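A.B. asks: Let me begin by handing over the structure; questions about it come next.
The values are calculated or read from the model by the stated rules, or taken from the named source; none is laboratory data. Quick caveat, the model's predicted, so the values are computed rather than measured. Virtual Cβ from ideal backbone geometry, glycine too; neighbours counted across all protein chains shown. Accessible surface areas use protein heavy atoms only, side chains included; no ligands, DNA or RNA. Shrake-Rupley method; radii C 1.70, N 1.55, O 1.52, S 1.80 Å.
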Amino acid sequence: MSPWFFKRSSRNKAATPSAKESLRAGTSGRRFREDVPYALPKDLEEGQRLNFQHYIIRYVLRGNYAAPLDSSVKTILDVGSGTGIWGHEIAQAFPQARVYGLDLEPPQTISLAAPAQAVPDNYHFIQGNVLKGLPFPDHMFDYVHQRLLFLGVPQQSWPAVIRELVRVTQPGGWVEIYEADILFPDAGPATRELNSWTRQFMGMRGIDTTQMRQLGDLLRQQGLLNVTARTFEVPLGNWDRLGQLLEKDYLSGIRALKEPACAALHLSPQKYEQILLIASKEWAQTHARYRHYLAYGQTPTAEFLQL
């Protein structure tokens, strides 16, 4: 492995904006990036939500990954690594592997499961933007993981993003993506209105999250083999124990979008909050479920390409 990657890597540290970044501190005090389509904040509060969300997803998956990995895995990449919590746990689970996390900026919050002094020695952070290409050579990784970038990848960019994931994966290696949708079934009138606002706002950024329903097809279209796709109907609302956790996560995320969404759609924050409150009551009444999507596939080997 070239030492260049280790020179570029860093331990979890506070993000330092570069001259190329465009940052905005909202009236709510949240910190937003304006140079990328990603609409959620990049700050400590969002980092705490992401850590909380990690445990929900780990429960849904009954683990941290679904692809059939074994001890032969030597290099792992986590695209959109956030706080690094997933990468830290994977580095501990695969101590023989070099694990890299890539995100727009270094994490601002330390993993709840791995304080600063306990970041695994085999975990390394690389700053980058998958929309501009991954800063790695071809075929570097045995396993590439990406999770919940559906609010940051424009519709037209998904094929190129998946091509990049495939490009940096070893022949015969695995690519795994876990995403969600802003729309969900069992929706009452207030929930449908909230969903409509969110969809309009994200559409202004070129983002159509309904593509995630065809996540398996998106992987197949980029040449991945042995693709497995699954849809999880995750409870949402206080009618279910897991639903209570997801409701807390969802409310935190949707409130983080309130300021930019209200500004873009000319909505009053008071009306937004009122509809959100009514919607949360609907989830309990309708036993709402929120859909998560998983797909993983294997990159072709040289032997397969010669067939």
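A.B. asks: Out of V36, V99, V79, any idea which swings most in a Gaussian network model of the chain, alpha carbons joined below 10 Å?
C.D. replies: V36
A.B. asks: Accessible area per residue, 1.4 Å probe, Å², for the range 226-305: what's the number?
C.D. replies: Result: 50 Å² of accessible area for each residue.
A.B. asks: Roughly how many percent of the accessible protein surface of the chain is carbon and sulfur, given a 1.4 Å probe and a whole-percent answer?
C.D. replies: Roughly 51 percent of what the probe reaches on the chain is carbon or sulfur.
A.B. asks: From the helices alone, meaning DSSP H stretches of at least four residues, give me the mean residue ellipticity at 222 nm for the chain, per-run term -39500 (n - 2.57), in deg cm²/dmol to the nearest 500.
C.D. replies: -11000 deg cm²/dmol
A.B. asks: Largest first and in whole Å, what are the equivalent-ellipsoid semi-axes of the chain based on the Cα gyration tensor, each being the root of 5 times an eigenvalue?
C.D. replies: The three semi-axes for the chain are 31, 22, 19 Å.
A.B. asks: With labels modelled as points extended 7 Å from the Cα through the Cβ direction, what inter-label distance (nm, one decimal) is found for H266 paired with Q244?
C.D. replies: 4.3 nm
A.B. asks: Give me the distance in nm between label points sitting 7 Å out from Cα along the Cα-to-Cβ direction at T210 and L61, one decimal.
C.D. replies: Those two pseudo-labels are separated by 2.8 nm.
A.B. asks: For the range 259-302, what mean projected area does the convex hull of the alpha carbons give, in nm²?
C.D. replies: 6.1 nm²
A.B. asks: For the range 191-306, what percent of Cα pairs sit more than 24 Å apart?
C.D. replies: Considering the range 191-306, 43 percent of its Cα-Cα pairs are separated by more than 24 Å.
A.B. asks: Per 0.36 nm of contour for each residue apart, how much would the distance between E273 and T286 grow if the chain were fully extended, relative to their Cα-Cα spacing?
C.D. replies: 2.7 nm
A.B. asks: Just give me a number: lysine pairs in the chain, eight or more positions apart or cross-chain, with C-alpha atoms less than 19 Å apart.
C.D. replies: Step by step, the pairs that qualify in the chain add up to 11.
A.B. asks: Can you give the FRET efficiency to the nearest 0.05 for V227 and R192, using r as the Cβ-Cβ distance and R₀ = 51 Å?
C.D. replies: 0.95
A.B. asks: Here's a follow-up. Just need the relative contact order of the chain here, percent rounded to a whole number, with Cα pairs under 8 Å and 6+ apart.
C.D. replies: It rounds to 20 percent for the chain.
A.B. asks: Next up: Counting DSSP beta bridges with both partners in the chain, what percentage is antiparallel, nearest 5?
C.D. replies: 50 percent
A.B. asks: If amide hydrogens are placed 1.01 Å from N in the peptide plane, which non-local residues have theirs closer than 5 Å to the one on F125?
C.D. replies: S10, G101
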